[in-house]
1. Give the angle, between 0 and 90 degrees and rounded to the nearest 10, that separates the Cα long axis of helix 266-293 from the longest principal axis of the Cα atoms of the chain.
2. Could you give the accessible area per residue of the chain, probe 1.4 Å, as a whole number in Å²?
3. Along each of its three principal axes, how wide is the spread of alpha-carbon positions in the range 52-150, in whole angstrom units, largest first?
4. Ignoring any ligand, DNA or RNA, what whole percent of the accessible area of the range 147-255 comes from carbon and sulfur when the probe is 1.4 angstrom?
5. On a full-extension model of 0.36 nm per residue, what is the gain between residue 153 and residue 357, subtracting their alpha-carbon distance, rounded to one decimal in nm?
6. Could you tell me the calculated FRET efficiency between residue 17 and residue 189, based on Cβ-Cβ distance and R0 = 35 angstrom, to the nearest 0.05?
7. Which value at 222 nm does the chain reach when only helices count, each DSSP H run of 4 or more adding -39,500 (n - 2.57), with the total divided by all residues and rounded to the nearest 500 deg cm²/dmol?
8. How far, in nm, would the chain grow between residue 231 and residue 267 when pulled straight, counting 0.36 nm per residue and subtracting the alpha carbon separation?
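The values are calculated or read from the model by the stated rules, or taken from the named source; none is laboratory data. This is a predicted model, so every value here is computed, not measured. Cβ placement follows ideal geometry from the backbone for every residue including glycine, while neighbour counts extend to all protein chains displayed. To get the accessible areas, we keep the full protein, side chains included, count just its heavy atoms, and leave off ligands, DNA and RNA. Shrake-Rupley method; radii C 1.70, N 1.55, O 1.52, S 1.80 Å.
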Amino acid sequence: MMTPEPLPPFSPPADYQVEPELVDPPPRAIPPLLHQGRLARRRRQTSWGFFAAGTLCLAGSQLPIMDKWAIYFVPLAYLSWIGAACLVVGVLVPARALLNKGRFRYVEEGLTTVARVRAILMVTSHIVNGQESTFHVLAEFDYRDPRSGAVLNAADRSRDISSVFRSSVTTSFRVGDHVTLVYLPSDPAGTMRLYGFLDLRPGLGIVDRQRDKPTSMLSVVLQVCAVFAIIFAVLWNVYAQSRYTPLEFTTGQGVVMGLGGVVLGAAMVAALAYNARRTRRRREERNRQAAIAGEPAEPDFQRKRGWFGDHGIVLGLLGVAGSVLIGGLTVLCWCHTANAWFDRSPPQLLPVRIVNMVQVTHEFVFREYFIEYEFLAANPKEKQRFLSTPDEMQEFADVAVAEVQAGWLGWPWVKALHPAMIRQQPQPPAQAN
């Protein structure tokens with residue numbers, strides 16, 4: 001419980017007016033205005049998000065590359081089913097809202113009383129990898145118990161909100177303001193809620209700092225598309241690293257990987273550091289203004305501890321190293337893809353010996369199918385791996401032919417493996433008895 005503000009004894013004003021939709025005695029009708037509130041808009045966002053995800057899954061399932069990737073990433077084999085399930089959820093979200101009134105019951109059946117806000121605070125709800133992922137607004141208030149008439153002190157919290165929107169939202173009420181408290185007559189103590197925290201009425205409770213903007217469904221669709229694009233890029237990098245890897249790791253590839261790690265990794269680290277510093281500055285400024293205006297203040301979760309903030313030097317250095325490694329591997333995968341895609345060199349057919357067939361399944365999700373081989377002319381012989389499929393692996397015996405190309409960037413790679421055609425020796429004619 002937060003420390004109460006030094007306010008005078010609680011005495012609700014006699015002329016306090018509750019919201020218009022709560023004036024009449026229950027049962028009440030739901031006015032159209034409430035269908036534009038944050039709760040209704042959030043439901044529409046969720047529905048549109050699932051519709052967009054389902055459409056992208058169904059469209060992606062028709063791409064030719066998905067048949068190949070589904071061999072290695074099992075969920076892609078069911079992409080059409082996943083898309084259909086997303087579309088069904090997109091329909092069920094508004095259907096459930098029609099069948100289950102949820103928070104709208106407070107408007108239909110609820111009774112009201114008056115409360116006074118004593119304190120408001122923004123509190124971190126969840127922390128993921130040392131970063132605040134969600135927060136909620138906690139409000140402490142005084143109210144008069146409807147049954148006993150005694151003045152009580154209680155607290156209520158808003159729903160969880162992504163920390164991305166921390167700087168863009170605030171509360172419509174301030175410390176010392178009188179607000180509507182609503183409860184269900186069947187359980188007054190257990191259902192007591194600040195009406196503003198129900199997210200029913202636009203412009204009440206959690207609001208945007210500038211204005212209560214209408215939901216942009218296009219932005220929801222674009223966000224879903226961005227997530228799918230990132231997933232596609234990650235899957236492509238994994239596939240390219242297995243399919244287009246050159247025969248040997250050269251100094252040139254090491255230089256490319258190093259430069260990519262420095263440039264791309266440094267950009268990632270700089271972006272994270274800049275975002276952390278900007279977040280801290282904005283939090284300090286918001287807290288300063290909140291103290292003046294009586295708005296909710298935010299605890300400084302990211303306490304300053306040198307260059308790496310709250311993570312410490314060990315985790316900070318690991319984060320930097322990880323960013324450099326991811327950046328280097330990403331650029332290297334791109335270069336491997338370009339080395340193969342733009343290669344127009346004539347193929348060279350070289351005999352190889354099949355050493356082993358590798359089939360591994362990781363957590364029933366990822367599968368690996370590799371043909372291990374070695375060039376017959378190489379001395380000493382070195383094992384190579386070729387990404388294959390179960391059907392293709394059945395075509396090979398002990399000897400095969402590798403189709404080697406020079407590579408657009410000068411990194412030789414194996415375009416394909418072909419089963420060796422062993423010419424049978426003619427059999428002598430059978431002797432007649």
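1. 0 degrees
2. Values: 25250 Å² over 433 residues.
For the chain, the solvent-accessible area averages 58 Å² per residue.
3. On the principal axes, the range 52-150 reaches 70, 39, 17 Å in Cα extent.
4. Details: 3310 of 5430 Å².
Accessible surface attributable to carbon and sulfur in the range 147-255 totals 61 percent.
5. Numbers: separation 204, 0.36 × 204 = 73.44 nm, distance 7.06 nm.
So the chain would gain 66.4 nm between residue 153 and residue 357.
6. Numbers: r = 25 Å, r/R0 = 0.72.
Once the sixth-power term is evaluated, E becomes 0.90.
7. Working: 9 runs with 157 residues, N = 433.
Theoretical 222 nm ellipticity from helices: -12000 deg cm²/dmol.
8. On the way: separation 36, 0.36 × 36 = 12.96 nm, distance 2.03 nm.
Gain on extension, residue 231 to residue 267, equals 10.9 nm.
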